[in-house]
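Notes for the one structure printed next.
The values are calculated or read from the model by the stated rules, or taken from the named source; none is laboratory data. All values reported here derive from a predicted model rather than from experimental measurement. So basically every Cβ, Gly included, is an ideal-geometry build from the backbone, and we count neighbours across all protein chains shown. Note: areas computed on protein heavy atoms with side chains; ligands, DNA, RNA excluded. Shrake-Rupley method; radii C 1.70, N 1.55, O 1.52, S 1.80 Å.
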Number of protein chains: 2
Amino acid sequence: MRREQVFWGWGEPGAGPSLPEHARDVLRQELGVSGDVVSRPVESVSLPAPSLPNGLRERLEAVAEVRDDDLSRVLRTRGKSYLDLLASRSGDFASAPDAVVAPGDAAAVAEVLRVCGEYGVAVVPFGGGTSVVGGLAGERGPFSSLVSLDLGRLDRVVSVDPRSLVAVFEPGTRLPEADAALRAHGLALGHVPQSYEWATVGGCAATRSAGQTSTGHGRIDEQVVALSCVTPSGSLATLDAPASAAGPSLRELVLGSEGTLGVITSVALRVRRRGEVSFDGWSVESFLAGAELLRALEQDGIAPDIARLSDEQETRTSLALAGTGTVGRRLLGGRCLLVCGWQGATGRASAARKLIRGGALPLGPSPGHAWEKSRFAGPHLRDDLLDRGVLVETLETATTWSNLERLYRAVPAALPGLHVGCHVSHVYATGASLYFTVLGAQSEDPVGQWRAFKDAASRAIVANGGTITHHHAVGRDHAPYLGDEIGELGMELLRTVKTRCDPAGIMNPGKLITA
Amino acid sequence: MRREQVFWGWGEPGAGPSLPEHARDVLRQELGVSGDVVSRPVESVSLPAPSLPNGLRERLEAVAEVRDDDLSRVLRTRGKSYLDLLASRSGDFASAPDAVVAPGDAAAVAEVLRVCGEYGVAVVPFGGGTSVVGGLAGERGPFSSLVSLDLGRLDRVVSVDPRSLVAVFEPGTRLPEADAALRAHGLALGHVPQSYEWATVGGCAATRSAGQTSTGHGRIDEQVVALSCVTPSGSLATLDAPASAAGPSLRELVLGSEGTLGVITSVALRVRRRGEVSFDGWSVESFLAGAELLRALEQDGIAPDIARLSDEQETRTSLALAGTGTVGRRLLGGRCLLVCGWQGATGRASAARKLIRGGALPLGPSPGHAWEKSRFAGPHLRDDLLDRGVLVETLETATTWSNLERLYRAVPAALPGLHVGCHVSHVYATGASLYFTVLGAQSEDPVGQWRAFKDAASRAIVANGGTITHHHAVGRDHAPYLGDEIGELGMELLRTVKTRCDPAGIMNPGKLITA
């Protein structure tokens, strides 16, 4: 039986960490909310009756499992964005799919797409269900029916090649299950997004995911050696050569296509050897000084596998929540926390430590262990914050080192009245990511409040040279700003490719590629 | 005055190295040719009269330099493939462009494309002119006139950002000139293909070039941070963020597009700090044992910046040409030469040396210095070989480590009667490149001879899981095999994108994307 998350929030019921008792005081002090529970998810929901065109159900049942019970439809209605959770908590399932269709292999996926194209039914591919940008929203486009294409049955490990460090997975394989299969070969995925517990290999590829160890092992787009994709117009399979000059990269066209062109049916990933991680924590004078340290490490070729630098605001909030021990005292007075993680025994680590010591106070391994322990906690805690009437959202972008300070200052400046912390978690030779956590008191109209600040933040990112998304993907929420980033011809090329793959326009309407 | 190569071969007249005196014996022994000069390039050529539609010349002159003297047309007729040289040496310039058009900025490029589209004239963008796959052949497609779009005037260094290690170049900047500009900032391009002396930044990006230091610093597709491209349907500019999840990568669609979609008008490259290279030479027991060493180095994260492993045949030929000193004696008896180059003082190098020592005899730095001295010699020597009636071609591919031996054996097996040596020069975590040098006695019909063995080799590569090209690009020569690699839908997607960018089909007809 495949694991399922609760419909109203993150993870399995009662599985995740909760806010500590004294968080209430922090929330009161920092955000001006009471800190009390003021809202709870609904306990039961009502759905519109499923409505598929006559005869379609039988056609789909011939090649796939078809479910249309309420729970199946509720669990496939959307992902886990802030807006998604507001809607789910309030019991709004008007956009539930008319059926959940689960094919068992790539040929069945192709047949499902063919039949849905014939009947004119929208298809939303569903992997781990962890989108935080509305990528799974039940948008019907011009169609009156919608099916969720559940990839949960395509969860096989196709092959493991320890010599080439390549493993091939079906798209619905969840990351922990992929790692479990690799462990037997002494290998690891090396891809650990915060959504790790639920995310699927196919979903990571479809959304250009990055993970907590991507500074060391590379983003998913660097890990994907080859992939197969089934579209309504046929199938595409790229070769597993480690590099090629055979024209434009079609692999890079499918990566990040977010189910709008077709369905990824297999992914060959570069994996890594297993190895223990050792952590160093450091106290740096300021966020920008810490960023300069990370730049030096990366450009000297000695960057850690995991790098995480919190700014003054984020450091202060973390301290407030965690309490101040010895480590905390070294971070008081506007200093910033830097956590570095090193995989395996590397000469790199000792060279790097020498460099860091020139600009930071050592905090020992404990901040790293604390971070590791809570590395998947964020989305669990978000449910608690929503109970307490807190607005909570994350925004992420990336830019060159030269432009980092400008972009870093522009985003909070566009969000007056909100509490904005930031960290760097992905470091490149030419630049870095910026990850902002936004907190505040929910207004009477939390959806309108979100739309206003999301628009302000997105405009600030675009106007200040950042990418509209470094690893959350485009989905529905970033689609209005994509044209600003890639231009008119860029949008036209995406539309052209989509039309060729999906002439009827059934694939994930309203996401990524919009009119 | 921009440097120009001789029309019939490589480089400036008399500039390059020649075959040593005793090469004649080696050729006689190994290939069964006399070793004497049996052929010379023609000394004068005759061209068809230039023919442009009425009124076009004036329109082009309004925005660009237009030349139609014989020499200008001869020098822009084609690149430097074996077939190109056979044709040029014989004085066949029937396909010469009707004019050479040299715009001075991106806006002028756009206007040239617009006007040529209006008049129905084929356009072949021309950078360094070093294609070895027919990428610059004067194919007119359905059009009766053709212009060479010379990018030589777009050769400015737009900006250098030492903090972000990013430099922006106009496309016609030759690599040595790009490096000269970077030197002032303590930086280097880190991209050194064998065509380095002539290749341009734009040409490298358009063909997915790899260079001799790409194992360390990455292929051009990993170096290109952003680019701008002018197509007949408008312009595309990608953002310089170090990474992004904002949908499919349009940068990766322009990389490798070989002038068939439009003209690259600026390229932002990740550059590196300057540093001395130290070399180690090694004698390994066999090619496959050497490949295993390289795999171990790369997968342990300690691969050299330059890695070059010759197989038994290539080692033997090199020794025969270079003579056997102390180093040579350690390579006798079917052993293989491995050259490693390390940039900067790195802990990596000493860890790597320890690993290599377990499976190889040390040869000291001299083989590396010898290689470095002759690193650009290949295409110069090719001219001498052609004089001596020698068939000489290179074939390159890449595959996973697990498939390397199969592919390595399949290519020579498909070329009976020819002398085939091989080396690995690009190493990746999941696999490596294979670079074959093919030598033989020219037949009475060298063009037919080439077509037959090129087809046999290409079929062997495709059938044995290799990419049809690792870094030479597709051009005209590999176009028939691209469909085997990327499939029917893959080809359709490229055609769809081309039609959107270039509805009239004027851009580099007959290359990469064919019917």
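Assorted remarks:
- Hey, A:R316 under 29 Å from B:G344 (Cα atoms), of a type in the set (D, E, K, R) and either touching a Phe, Trp or Tyr at 6+ places or on another chain (Cβ under 7 Å) or open to solvent by 60 Å² or more (accessible area, probe 1.4 Å) (or both) or not: no
- Within the stretch A:456-489, tally of residues that are open to solvent by less than 10 Å² (accessible area, probe 1.4 Å) and acidic (D, E): 0
- Residue in the stretch A:111-125 that is in contact with a strand residue (DSSP E or B) (Cβ under 6 Å, 6 or more places away or on another chain) and among the aromatic types (F, W, Y) present: no
- Residue within the stretch A:447-455 that is crowded, with 18+ Cβ neighbours inside 10 Å and either over 17 Å from A:G134 (Cβ atoms) or β-branched (V, I, T) (or both) present: no
- Among the residues of this structure, A:L86 counts as one that is open to solvent by 10 Å² or more (accessible area, probe 1.4 Å), over 30 Å from B:A429 (Cα atoms) and out of contact with any Ser or Thr (no Cβ under 9 Å at 6 or more places or on another chain).
- Spans of strands (runs of 3 or more DSSP E) in the stretch B:258-312 with at least 3 residues away from chain A (no Cβ under 14 Å), touching a Ser or Thr at 6+ places or on another chain (Cβ under 9 Å) and crowded, with 24+ Cβ neighbours inside 10 Å: B:306-310
- Subset of the stretch B:439-457 that is charged (D, E, K, R) and in a helix (DSSP H, G or I) - its residue that is nearest to B:L86 (Cα to Cα): B:R451
- Among the residues listed as B:P171, B:P162, the single one being crowded, with 19+ Cβ neighbours inside 10 Å, modelled with pLDDT of 95 or more and outside the structural domain of B:V66 (by TED's automatic domain parsing): B:P171
- Annotation note: of A:L415, A:L434, the sole residue that is within 14 Å of chain B (Cβ to nearest Cβ) and either in contact (Cβ under 8 Å) with a residue 12 or more places away in the chain or among the aromatic types (F, W, Y) (or both) is A:L434.
- Scan of the stretch A:180-189 for residues that are within 17 Å of A:G344 (Cβ to Cβ) and either open to solvent by 10 Å² or more (accessible area, probe 1.4 Å) or without any contact (Cβ under 8 Å) to a residue 60 or more places away in the chain (or both), ordered by number: A:R183, A:H185, A:G186, A:A188
Per-residue answers, yes or no, for (1) closer than 28 Å to B:V109 by Cα; (2) polar (S, T, N, Q); (3) open to solvent by less than 20 Å² (accessible area, probe 1.4 Å):
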| site | (1), (2), (3) |
| --- | --- |
| B:V6 | yes, no, yes |
| B:P17 | no, no, no |
| B:L27 | no, no, yes |
| B:G35 | no, no, yes |
| B:S39 | no, yes, no |
| B:A49 | yes, no, no |
| B:D70 | yes, no, no |
| B:V74 | yes, no, yes |
| B:T77 | yes, yes, yes |
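- The condition of being closer than 25 Å to B:S228 by Cβ, within 14 Å of chain A (Cβ to nearest Cβ) and touching an Asp or Glu at 6+ places or on another chain (Cβ under 7 Å) holds for only one of B:V158, B:V101, B:V147, B:V166, that being B:V166.
- Extreme residue, farthest from A:V66 (Cα to Cα), among residues of the stretch A:148-167 that are out of contact with any Lys or Arg (no Cβ under 9 Å at 6 or more places or on another chain) and β-branched (V, I, T): A:V160
- Members of the stretch B:495-508 that are open to solvent by less than 10 Å² (accessible area, probe 1.4 Å) and more than 7 Å from every other protein chain (Cβ to nearest Cβ): B:C501, B:D502, B:I506, B:M507, B:N508
- Residues in the stretch B:458-515 that are of a type in the set (D, E) and either farther than 23 Å from B:L250 by Cβ or outside any loop (DSSP other than H, G, I, E, B) (or both): B:D477, B:D484, B:E485, B:E488, B:E492.
- Among the residues of the stretch B:316-325, those identified as polar (S, T, N, Q) and not in a loop (DSSP other than H, G, I, E, B) are B:T317, B:S318.
- Cβ pairs under 6 Å, 6+ apart, first in the stretch A:103-128 and within 12 Å of A:S148 (Cα to Cα), second modelled with pLDDT of 95 or more and of a type in the set (K, R): A:A122/A:R140; A:F126/A:R76
- When the criteria are applied in full, B:G218 meets the requirement of being surrounded by fewer than 22 Cβ atoms within 10 Å (Cβ to Cβ) and within 20 Å of B:R308 (Cβ to Cβ).
- The helices (runs of 4 or more DSSP H) found wholly in the stretch A:40-147 and carrying at least 2 residues that are under 23 Å from A:P480 (Cβ atoms) occupy A:82-89.
- Listed by first and then second residue, the pairs linking a residue in the stretch B:320-343 that is without any contact (Cβ under 8 Å) to a residue 12 or more places away in the chain and farther than 14 Å from B:L361 by Cβ to a residue that is surrounded by 18 or more Cβ atoms within 10 Å (Cβ to Cβ) and among the aliphatic types (A, V, I, L, M), with Cβ atoms under 9 Å apart and 6 or more places separating them unless they lie on different chains, are B:T324/B:L331.
- Within this structure, A:G135 fails the test of being of a type outside the set (V, I, T), open to solvent by less than 50 Å² (accessible area, probe 1.4 Å) and touching a His at 6+ places or on another chain (Cβ under 8 Å).
- Within the stretch A:54-95, if we keep just the residues that are among the basic types (K, R) and in contact with a helix residue (DSSP H, G or I) (Cβ under 6 Å, 6 or more places away or on another chain), the residue that is farthest from A:S131 (Cα to Cα) turns out to be A:R59.
- Residue check, A:E492 more than 30 Å from A:S34 (Cα to Cα), buried (at least 23 other Cβ atoms within 10 Å of the Cβ) and acidic (D, E): no
- Residues of the stretch A:148-164 classified as part of a loop (DSSP other than H, G, I, E, B) and either in contact with a strand residue (DSSP E or B) (Cβ under 6 Å, 6 or more places away or on another chain) or small (G, A, S) (or both), total: 3
- Single condition B:L253 does not satisfy, out of (1) outside any loop (DSSP other than H, G, I, E, B); (2) more than 7 Å from chain A (Cβ to nearest Cβ); (3) closer than 30 Å to A:V474 by Cβ; (4) not β-branched (V, I, T): (2)
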